[in-house]
Amino acid sequence: MGVRFLKMAVVYILVGISIGIYMGTTLNFALTSVHAHANLFGWATLALCGFTYLRFPKAAESPLAKWHFWLQGIGLPIMLITLTLMANGYAPDWITTLKRIGESVAGIGILIFAINVFTNVKTNDLAEHK
């Protein structure tokens, strides 16, 4: 499960950096919030979750890890796409509602990660360093 999270994180660093390069070259910084969320909630958070799962196999093997993966995998893109639309001036009620749903789904994923960590991460369960 840790490798899946790391690969998903790499997708988000590519997206976040691409947005940053676009903003820098065009001097249009309307997507600053999308750039920040892709890099922090996507890249940084998912990479740290991935490393956590690699170091603590019991947490990675938990059904909670699968729920976490899918909730993040569904919620975060919805949040970023709708945030992009809103940053470009397209914000009908259904878009803002969809953004809130995406945020909530991704947020529930992080809550499940927290439950998984507190339930399944113990000092004596560290994976052996090879």
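Structure notes:
- For segment 3-130, a crude dipole built from +1 on the beta carbon of Lys and Arg and -1 on the beta carbon of Asp and Glu, taken about the Cα centre, is about 240 debye to the nearest 20.
- Using distinct alpha-carbon pairs, which all enter the 1/r mean, Kirkwood radius of the chain in Å: 15.4
- Relative to the dominant Cα principal axis of the chain, helix 63-87 is inclined by about 10°.
- Look at the alpha carbon pairs under 8 Å that are at least 6 residues apart: their mean separation over the length of the chain gives a relative contact order of 29 percent.
- Cα-based helix-to-principal-axis angle, 2-26 vs the chain, degrees rounded to 10: 20
- Dimensionless Rg over Rh [segment 3-42; C-alpha; Kirkwood]: 1.05
- Relative to the longest principal axis of the Cα atoms of the chain, the long axis of helix 93-120 lies at roughly 20 degrees.
- Estimated [θ] at 222 nm from DSSP helical runs (n ≥ 4, -39500 (n - 2.57)) normalised by residues in the chain, nearest 500: -25500 deg cm²/dmol
- Here the accessible area of the chain is 72 percent carbon and sulfur, with a 1.4 angstrom probe and all protein chains present.
- Per residue, the chain exposes an accessible area of 58 Å² to a 1.4 Å probe, with every protein chain left in place.
- On the basis of the beta-carbon distance and an R0 of 22 Å, K7 and S104 show a calculated FRET efficiency of 0.35.
- Placed amide H near F56: partners under 5 Å, 5+ positions off or other chain: A127
- Relative to the globular-protein estimate of 2.2 N^0.38 Å, the Cα radius of gyration of segment 10-82 stands at 1.27.
The values are calculated or read from the model by the stated rules, or taken from the named source; none is laboratory data. Note that the coordinates shown come from a computational prediction; the quantities given were computed from them, not determined experimentally. Quick reminder, even Gly has a Cβ in these numbers, built from the backbone with ideal geometry, and neighbours come from all protein chains shown. The protein model used for the area step is the full one, side chains on, heavy atoms only, and it has no ligands, DNA or RNA in it. Shrake-Rupley method; radii C 1.70, N 1.55, O 1.52, S 1.80 Å.
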